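Read the structure below first, then the notes.
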Amino acid sequence: MIGPRIPKLTPAEEKAAYAAATERDKGMCVRCGAGGDVERDHRQNRDAWNTVLTNLQLLGGAFGCGCHRWKTENPERAIAEGFAVPRWARPEWWPAYRFGVGWVIYISEPDSKGRLWTEITESTATLLMTSGQVSAR
C-alpha cells in the first residue's frame, strides 16, 4: 500500500532545521561530546522530506573526533547505539543517544525545560527499537 505523499521541504525549512539542530547540540558531537570540527548529520539517510529537527544531529568530522565516519562505516552498530535510524522507521519515534544525557526521543518543540528531547530509559529505548511501533509511516 502506498501512503500519502509527503511534501518536499523548502530550502528555508531545511536551513531552519539545520540551525535548530546546531543550537540544540551546542556545536558538540552527540556521540562523544567533542567540539570543534562537527558535521550536521541525518540520523536516517537524507530524503526530500526528512531534513527536520528530529532527524538531525551533530557528529564529529574527519578533522575532529571522527564519529560521523564511524557512523557511516558501522551502520548496524550506529542503529543499535542510537546514532542512526533504519530506513523503515520514523525518526521522530526512534531513540537517540546523547553524550552526557543518555537515551532520548527528539521533539520539534521545546519542553517545559526548553529542551528539544525527552529523556527515556535504556529499557524504553530497547523496547521502541524492537517493537515495530516505530515503523508506521
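We did not get these values from a lab; they are worked out from the coordinates using the rules stated. Just so it is clear, the model here is predicted, and its values are computed rather than measured. Glycine also receives a Cβ, built like all others from the backbone with ideal geometry; neighbour counts cover every protein chain displayed.
Subtract the Cα-Cα distance of ILE6 and SER108 from 0.36 nm times their separation in residues, and report this length gain in nm to one decimal. Write out the running numbers ahead of the final one.
Working: separation 102, 0.36 × 102 = 36.72 nm, distance 1.75 nm.
That pair, ILE6 and SER108, stretches by 35.0 nm at full extension.
Work out which chymotrypsin sites (Phe, Trp or Tyr not before Pro) in the chain are exposed loop sites (DSSP not H, G, I, E or B, at most 16 other Cβ within 10 Å) and give the longest gap free of them. Don't skip to the answer; put the middle values down first.
Values: sites that count: TRP49, PHE63, TRP88, PHE99.
Longest run free of exposed loop sites: 1-48.
Under a GNM of the chain (C-alpha, springs under 10 Å), which listed residue has the highest mean-square fluctuation: LYS26, LYS15, LYS113?
Result for the chain, Cα springs under 10 Å: LYS113 fluctuates most.
Please say if region 54-101 is rounded, prolate or oblate, where rounded means a/c under 1.5 for a ≥ b ≥ c the square roots of the C-alpha gyration tensor eigenvalues, and otherwise the choice is prolate for a/b larger than b/c and oblate otherwise?
prolate
From the convex hull of the Cα coordinates of the chain, what is the mean projected area in square nanometres?
Result: 8.6 nm².
For LYS26, give me every one of the aspartates and glutamates with a C-alpha distance below 19 angstrom, ignoring sequence neighbours fewer than eight places off in its own chain.
The reachable aspartates and glutamates, counting only those whose Cα sits under 19 Å from LYS26, are GLU14, ASP37, GLU39, ASP41, GLU109, ASP111, GLU119.
Could you please report the charge total around ALA20, scoring K, R as +1 and D, E as -1 over all other residues with beta-carbon less than 13 angstrom from its beta-carbon?
Values: positive: LYS15, ARG24, LYS26, ARG40, ARG115; negative: GLU13, GLU14, GLU23, ASP25, GLU109.
So the surrounding residues net to 0.
Among GLY61, GLY33, GLY114, which one shows the highest mean-square fluctuation when the chain is modelled as a Gaussian network with alpha-carbon springs under 10 Å?
Result for the chain, Cα springs under 10 Å: GLY114 fluctuates most.
Suppose R0 equals 22 Å. What FRET efficiency, 1/(1 + (r/R0)^6) with r the Cβ-Cβ distance, do SER131 and GLU92 give to the nearest 0.05?
0.90
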